[in-house]
Structure formats: C-alpha cells, structure tokens
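What follows is a single structure, written as structure tokens, with notes after it.
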Amino acid sequence: MRASGVLLPVSSLSSRYGIGCFSKEAYQFVDFLKKNGQSYWQILPLGQTSYGDSPYQSFSTFAGNPYFISPEKLIAKGLLKKKDCDVYDFGTDPADIDYGKMYRARYRLLKKAFELFYNIKDAEFVKFLEFQEREASWLADYAMFMALKDNFKGKSWVEWPDDIRLRQPEALKTYEEKLKNQILFYEYLQYEFFSEWEELKSYANGHGIRIIGDIPIYVALDSADAWAQPELFQFDEDRKPYAVAGCPPDAFSATGQLWGNPLYDWEYHRKTRYAWWIRRVGACYKMYDVIRIDHFRGFDEYYSVPAKDKTAQFGKWEKGPGLQLFQALRNSLGDLNIIVEDLGYITDSVRELVRAVGFPNMKVLEFAFDAKDTGPRDYLPYNYDKNCVVYTGTHDNETLRGWLDSIPKADYGMIERYLGRKVEDKNEMVTEMIRLAQASAANLCIVPMQDYLVLDNKARMNEPSTLGKNWRWRLLANQLTPQAGLLMKNMTKTYGRMQVQSGRAETKDPEKKSGICRSRKRKKKRQQ
C-alpha cells in the first residue's frame, strides 16, 4: 500500500523550553500530519544523548532521553510551577538548541520534580514501582551507571576505579547504598519519559500516524550496556576494546569515519541465540511501529578499526552474523517491520542479505544525480521497485535547497534532463524533487520537514565527521504553515499516498490520550 510520511526529530519540534519534547507541540504536529494526508512520522533515536549530543551515541540502548520530558506536563501534575521553568535560560535562539544551557537548566528542573514526586508518594508512585519491576532487566544497571557517572564527575566508566569499573560485588553493594537517591532519580526519569512517550504514541496511532523509530546498529563505549555486559563486545581481559567501529574513506571523509563504538562479539551472540538482540529489538517494538536499522551493512560485514588508531584509514572488513540473526529475531518476535539503511558503498553480499531478509531498503534522491557517475544509478526513480522507501534526503544530508545550491552545474542539468524541462528557480526545483519521490514506485515516501519548508543548509541536521554544530536545528512556531501543509497534501493525494480517513472525530484537545491503534499482529508475545 502506497503511503508517505515526514522525517522530523523530536528534538526539532518547537517548544518553550529549549528543545523539542513531548509537549503540546508534538501533538499539534501529529494533527498537522493527519490533516495533510500523512501516514508516518519518522524520528531519530530517542536514547539519552552523551557528549557531542548525537542521538546515535547514547548512554543506554534501552533508556529514553530525559530532555524529551515535557516541563508543561510536570507543571500539570503539580510537580513544577511555571515560574520554576521560566527562571532558567534555555538559550536565546528558538531555531537552535543550546545543549550546554539545556543540560544545566533541564536537570535542575527534573531533580526538583523528582524530589516532590518522591516525597508525596501519591497514587502514581505505585505505577512507578510497577515500572521499576517491569523494566528491571536494564533499568537498574542504567540508573546505577548514570549515578556513578555523576559521582565520578562525568568520567567514562573505563576511567573509573578498578573495583567498580570491573563490577566487583562488594563495590557494587557499596555504591548502591551510597548513591541510592541518585539511582532512584534516574529510574524516575525513565518512568516519566516512557509514560509521556506512550501517551504521545497512543495519540499518533489513534490518528492514523505510525511511528518510524531509528535503531543505531552500535551502542556507545561509554554506556550502561558496555559497562554492565562486557561479554557482548570485543573487549580484552581488562574490559577495554581492542577494536572499534568506523567507516572507510568515502565521499564524506578522506580518512574515513572513526565512530569509536565497541564492536560486538558475534560468536558470543550466536552461542546465546542472539538473546540480547531479541530483547533489544523487542523493546524497540514497544516504542515504535516500524524500525529503521542504521548501517545495515554491518550485519553482513562490519568495518573493524584497531582501538589505538586515530583515524579509520587502516581498518578492515570482518564477517557479521548475516541472515542467522534475523531468523532468530523472527522466530522469537514474529514478523518484523523494518526499514534497511543500506546507503554508501554496497557489495553484492549486502544486496543478497537485503533480498534474503525481504525488508524494504532506502533510496535517496540526492544520491541519484551525479553526472560523472557511470555506475548502475540505483537511486534514480526508474530503477525503484515497490519494496523500498524513497527519501529526498536523510538527517546526514544537506537539505534539498542547500544541496541544489552546492551541486555542480552538470548535476543540476542532469536533473533538468530527467524532468524534461528547464527549472531556473531552485525553490521550484525543490518541489519538483519532492514530486519525483512521491511519484516513484516506492511503497513509502519520506520527506524531511526542512524540504517541505524549502529551507537551506542552516536547517541541516547533521554533517558527518564534524563536531559542535550538529543536531541543533528546530522548527519555529510559525513554520507549519497552511502553504507547507497544502504542498504536502496535494503531492500525497496526486500520487496515491493519501492516508485513508477513518471517519472518527479528531480529538480537539491535543493532550487528551486516545487508544492505541495496533498497526499489526505479532505471532508471539514480545519479550520484556
């Protein structure tokens, strides 16, 4: 079935307190999508970001980002007062996230809310205790990890004293007692995060909008996962990585991309029948309707860089788990609703794995028009089959308008030849590129919100291999205009991707919780 959706990170939503979150603006965005015929909202990973603010480097693969907790919801619960929030400086530019100010202000507010929540112990406290018990398999380690990081002034766990770095039982017991209040604080943050996210997702599903979540293939070295379960990774006897993840030299970087994530010990995962992966993907399906797996190529072959290296130039490809992992996931979880991120240099063996798993892969229009390319041109729309997802661009690319400003004349001319006419106005060309995506045979079309708004590279989300300027762009409150919605709606309707209206009355109060519309049936009960 043909459908379309919009890519917009939660962090990029407009809101009052420095970063997009699960506030009324998120519900209004769902209403905007429904009104304009969309069926999907694609977001970036919801994990708790670490240094560098990348959603692809998280302190836990299971925990949510406390930044997304809505101060307005805490005010409504009586845990904060509006004046508590208004006293802090969250940054002066509403189109930009100031993460330094965000961190200082947000956590003070969250700590204040937690202290009142813990002291009053009202009826909701029982739900918190139930959440603790239900999510104990990851929550306890995560909360202790975060409390220990605070105790050690933010240092990575690999720099902690050996007794707690190596998780010696006596040290664990000592720190658990010493840091019990801070541990409770981090457990509370996760309770509040998931409560608010489940409410928002329920509202979206009830209005015919399905959520596409993004799961990074790797976890961060400085994470609760790596500290608590070192057996999952390629660590030496001292629990330090001897090889890390990266990407070889390519168009983005002449020296490759040194990601630094610990690599999986795939032999261990095979022996345990991929139990951790089943738990991880199962947790994702509780959060999302569809999962986009980042860097899918790593399951066929992964790029291994010696941990001592300063660049990724001298890494080598190693064999990944291949089809066996996905067979294990299907056996345990049933049918999988997954989008494969297979971008970059793709080998025949990767193509074969994509065919074998049967998941739709990605086509990016910004990769299609290279006048010097003499290859097969997989990204040109006439080569698409139905089982794929077409994007004008992703979070790692320039915006369409920024890309059109930067490409050579020969590439721009190639687009015009493909369209069969001259298009001198670049804003008009943005519209035509969106039209190419919507008109393609791909079952699903996803367009970044920046492209519907015809924004230049000031609105770019991420530039790989750079630091300090990424993950910061936000919508302004007045940018979801009727004109942008009309473009979205007309394109979607013209090319047969319009959401089928259910006929149910739309909830007027965006904060009102609606029932979850189950998107699909699973063959087996998901593991907790």
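The values are calculated or read from the model by the stated rules, or taken from the named source; none is laboratory data. Owing to the predicted nature of the structure, the values given are computational and were not obtained by experimental measurement. FYI the Cβ positions are ideal-geometry reconstructions off the backbone, even for glycines, and counts take in every protein chain you see. We work out accessible area using only protein heavy atoms, side chains counted, and drop any ligands, DNA or RNA first. Shrake-Rupley method; radii C 1.70, N 1.55, O 1.52, S 1.80 Å.
Only aspartates and glutamates eight or more places from LYS458 in sequence, or on another chain, were considered; those with a Cα closer than 12 Å are ASP96, GLU398. Per-residue ellipticity at 222 nm, computed for the chain from helices alone with -39500 (n - 2.57) per DSSP H run of at least four residues, works out to -12000 deg cm²/dmol.
Beyond 16 Å, the tail of the calculated P(r) for region 404-505 holds 67 percent of the Cα pairs. Which FRET efficiency, nearest 0.05, do THR92 and LYS308 yield, Cβ-Cβ r, R0 35 Å? Taking R0 as 35 Å, the efficiency between THR92 and LYS308 is 0.25.
Taking only the alpha carbons of region 128-178, we obtain Rg and Dmax values of 11.8, 34 Å in that order. Restricting attention to region 234-393, the count of lysine pairs at 8 or more positions apart or across chains with alpha carbons under 24 Å apart stands at 11.
Just check region 259-371 against the gyration tensor rule for me: Cα atoms, a ≥ b ≥ c as the square roots of the eigenvalues, rounded for a/c under 1.5, and otherwise prolate or oblate depending on whether a/b exceeds b/c. Verdict is oblate for region 259-371. On a per residue basis, region 47-200 carries 46 Å² of accessible surface, using protein heavy atoms and a 1.4 Å probe. Semi-axes of the equivalent ellipsoid for region 368-407, computed as √(5λ) from the eigenvalues of its C-alpha gyration tensor and ordered from largest down, come to 20, 15, 7 Å. Beta bridges assigned by DSSP with both partners in the chain are antiparallel in approximately 35 percent of cases. Long hydrophobic helices in the chain: the complete DSSP H runs spanning 18 Å or more by Cα along their own axis with mean Kyte-Doolittle hydropathy of at least 0.0 are 136-151, 275-287.
For ASN261, the residues 5 or more places off, or on other chains, whose built amide H falls under 5 Å of its own are ALA245. The Kirkwood hydrodynamic radius of region 384-454, based on inverse pair distances between different Cα atoms, is 12.6 Å. Of the accessible area of region 216-281, with the probe set at 1.4 angstrom, what percent is carbon plus sulfur? So the carbon and sulfur contribution to the accessible surface is 51 percent. The length gained by stretching the chain between GLU198 and TYR103 to full extension, at 0.36 nm per residue less their Cα-Cα distance, is 31.8 nm.
Within region 83-161, the trypsin sites (Lys or Arg not before Pro) that combine a DSSP coil assignment with at most 16 other C-beta atoms in a 10 angstrom radius are LYS121, LYS153, LYS155.
At the listed q of 0.12 Å⁻¹, the Debye profile of region 125-210, built from one uniform point per Cα, gives log10 I(q)/I(0) equal to -0.46. Under conditions of 37 °C and 0.692 mPa s, region 315-454 yields 198 µm² s⁻¹ as its translational diffusion coefficient, taking Rh as the Kirkwood radius over Cα pairs in the Stokes-Einstein equation. Taking Cβ atoms as reference points and 10 Å as the exclusive limit, the residues near ASP84 contribute a net charge of +4, counting Lys and Arg as +1 and Asp and Glu as -1. Remark: region 400-508 carries 50 Å² of accessible area per residue (probe radius 1.4 Å; ligands, DNA and RNA excluded). Pop out the Kirkwood hydrodynamic radius of region 231-273 from its pairwise C-alpha distances, inverse of mean 1/r, in Å to one decimal. Value: 11.7 Å, from the Cα pair sum. When you filter the chymotrypsin sites (Phe, Trp or Tyr not before Pro) in region 106-208 for DSSP loop state and at most 15 other Cβ atoms inside 10 Å of their Cβ, you are left with PHE152. Using a cutoff of 8 angstrom between alpha carbon atoms and counting only pairs six or more residues apart, the relative contact order for the chain works out to 20 percent. Once you order the gyration tensor axes a ≥ b ≥ c over the Cα atoms, which shape class does region 214-317 get: rounded for a/c under 1.5, otherwise prolate or oblate by comparing a/b with b/c? It comes out oblate by the Cα gyration axes.
At q = 0.19, 0.29 Å⁻¹ the log10 of I(q)/I(0) for region 56-121 amounts to -0.83, -1.31, computed by Debye summation with a single uniform scatterer per C-alpha, solvent ignored.
Just check the chain against the gyration tensor rule for me: Cα atoms, a ≥ b ≥ c as the square roots of the eigenvalues, rounded for a/c under 1.5, and otherwise prolate or oblate depending on whether a/b exceeds b/c. Oblate is the answer for the chain, as a/c is 1.5 or above yet b/c matches or exceeds a/b.
Between region 174-212 and region 313-352, what's the alpha-carbon centroid distance in Å? What the calculation gives is 30 Å, centre to centre.
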